[in-house]
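S.K.: Please read through the structure below; I'll follow up with questions.
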Amino acid sequence: MKKIIVIILLLLPFWSSCKNETRDKERIRLLAIENYVDEFVPINRFLKFYVNAYYAMPSDYDEFMSFIKEYKKRDPFFYEWERREGYDIIKTISKSNLLFAAYQDSVFFYLPDYHVGSSVIGTPFYWLENPDKWYPRYPNRLDYDSWFFPSAYDKKGKYLFDSEFHYRRFEETIDSISSQYTCRITHEGYFYTGFPEGPQIRQMPYLSIVSFSRTTDSVELLSRTASTDSLFIFDANDLTYQPVKDSLPNLCKEYMDETVSVLKKVFEENPDVERITMGLNWYCFKDSTKTRKIEWQ
């Protein structure tokens, strides 16, 4: 009994600290909501970039600032951005009395000096599971697909910036594989337009979040797979839809094998890359008239 009492006494400071942290986060969240602005540059943009890069929210303010500092160190465009804005971005953010509340699916922040707050809500996993909730405040920013761009990481799990990995060339290579296939997998999804009525429900390409690492020989599915009876095969030749009657790994095996083959070459030629995470559509039935050798060049 005495041992139990001692353990409880030792844990009391920890419980108290957790309660205080929770109260502080909730206070910051409410301040951000009560003084909300659509976007506070550059904090919102960096938060969105972090989420795009890691497919997750930063765990706290220090992790967020560490990412920005690494960005400045690795990407020459950062200095061009500072020159255009006319101030030292990191110094300005660091000096600001920034109140920062990080949650698993969102970040809220409040700046007392300006009496404004804002937030970034939703990770790629959240938007994939809740596409009906996606609708940007600005109709000309219908960039839903931008949440699923490829992200490459080193052995320590750090994101590799454009100066360290050629993302555009990688995307072009992946696209060149899919261009050889006649059919793609679709499902009833949301099509986003700039009109007031918002997103429209229609057949959309089926997307999964996947990961591939240097130590594996197959693509790892990170997102949940939809039930087969909710998926269709769209034939680009005759513009018809047929129900899916087989599992996606079997139906799209040739496409996935080709993708894995290219990914292996990417790792061979990029020794700093340990893992790649990205959004991937599913394709099947190769078009013999479009077959050609795919290379990571």
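Throughout, read-outs are computed from the coordinates displayed, never taken from laboratory work. These numbers were taken from a predicted model, which means no experiment stands behind them. As a convention, Cβ positions derive from the backbone with ideal geometry for all residues, glycine included, and neighbour counts pool all protein chains shown.
S.K.: Could you calculate the contour length gain from Lys73 to Ser59, that is, 0.36 nm times the residue separation minus the distance between their Cα atoms, to one decimal place in nm?
M.R.: So the chain would gain 2.9 nm between Lys73 and Ser59.
S.K.: Hey, rough spin-label estimate for Arg168 and Ile121, points 7 angstrom out along Cα→Cβ, what's it come to in nanometres?
M.R.: Computed distance between label sites Arg168 and Ile121 equals 3.5 nm.
S.K.: Normalise the Debye intensity by I(0) for the chain, one equal point scatterer per Cα, no solvent, then take log10 at q = 0.17 Å⁻¹ and round to two decimals.
M.R.: Computed log10 I(q)/I(0) values: -1.44.
S.K.: Using just the helices of the chain, give the 222 nm mean residue ellipticity in deg cm²/dmol: DSSP H runs with n ≥ 4 each add -39,500 (n - 2.57), and the total is spread over all residues, rounded to 500.
M.R.: About -12000 deg cm²/dmol.
S.K.: Put a dot 7 Å past each Cα toward the Cβ at Asn237 and Tyr135; how far apart are the dots in nm?
M.R.: Placing both labels 7 Å beyond Cα along the Cβ direction yields 4.0 nm.
S.K.: Sticking with this structure for a sec: Consider just the alpha-carbon atoms of segment 190-284 and return their Rg together with their Dmax, both in angstrom.
M.R.: 16.2, 48
S.K.: If r is the Cβ-Cβ distance from Glu188 to Asp38 and R0 is 35 Å, what FRET efficiency results, to the nearest 0.05?
M.R.: 0.70
S.K.: Any idea what the relative contact order of segment 102-185 is, in percent, if you count C-alpha pairs under 8 Å spaced at least 6 apart?
M.R.: 14
S.K.: Considering the chain as a Gaussian network with a 10 Å cut-off on Cα pairs, which listed residue, Ile33, Ile276, Ile68, attains the greatest mean-square fluctuation?
M.R.: Ile33
S.K.: Looking at the chain, which longest stretch skips every one of the trypsin sites (Lys or Arg not before Pro) that is in a DSSP loop with at most 15 other Cβ atoms within 10 Å, leaving the sites themselves out?
M.R.: Working: sites that count: Arg137, Arg141, Lys155, Lys156, Arg224, Lys245, Arg292, Lys293.
Result, exposed sites excluded: 1-136.
S.K.: Which cross-chain or sequence-distant (5 or more) residues have an amide H under 5 Å from the amide H of Phe191, H modelled 1.01 Å from N in plane?
M.R.: The list, which skips near neighbours in sequence, is Gln200, Ile201, Arg202.
S.K.: Throw me the Rg/Rh for segment 155-211, computed over C-alpha atoms with Kirkwood Rh, two decimals. Let's see the in-between values first.
M.R.: Working: Rg = 16.3 Å, Rh = 14.8 Å.
Value, to two decimals: 1.10.
S.K.: Using a simple charge model, +1 on the beta-carbon of Lys and Arg, -1 on the beta-carbon of Asp and Glu, nothing else, what dipole does the chain show about its Cα centre, in debye to the nearest 20?
M.R.: 840
S.K.: Now a separate question. Would you mind checking which residues have amide H under 5 Å from Tyr36's amide H? H placed 1.01 Å from N; only 5 or more apart, or other chain.
M.R.: When sequence neighbours closer than 5 places are left aside, the close amide H contacts are Gly117.
S.K.: Grab the eigenvalues of the alpha-carbon gyration tensor for segment 83-176, scale each by 5, take roots, and send me the semi-axes largest first in whole angstrom.
M.R.: Working: eigenvalues 157, 90, 46 Å².
Each semi-axis is √(5λ); the values are 28, 21, 15 Å.
S.K.: Let me have the relative contact order for the chain, percent, based on Cα pairs under 8 Å that are six or more residues apart.
M.R.: 18
S.K.: Enter the per residue convex hull volume of segment 123-268, computed from alpha-carbon coordinates, in Å³ rounded to the nearest integer.
M.R.: Value for segment 123-268: 144 Å³ per residue.
S.K.: Another question, if that's okay. What distance in nm separates the simple spin-label points at Lys95 and Ser66, each placed 7 Å from Cα in the Cβ direction?
M.R.: 2.6
S.K.: So what J values fall out for segment 272-284 if you push phi through Karplus, 6.51 cos²θ - 1.76 cosθ + 1.60 with θ = phi - 60°, rounded to Hz, Gly and Pro as x?
M.R.: Ordered by residue, 3J(HN,Hα) equals 7, 8, 9, 8, 10, 10, 6, x, 9, 7, 10, 10, 8 Hz.
S.K.: At q = 0.16, 0.20, 0.27 Å⁻¹, what is the base-10 log of I(q)/I(0) for segment 67-134 according to the Debye formula with one equal point scatterer per Cα and no solvent? Please give it to two decimals.
M.R.: Scattering profile of segment 67-134, log10 relative to I(0): -0.79, -0.99, -1.08.
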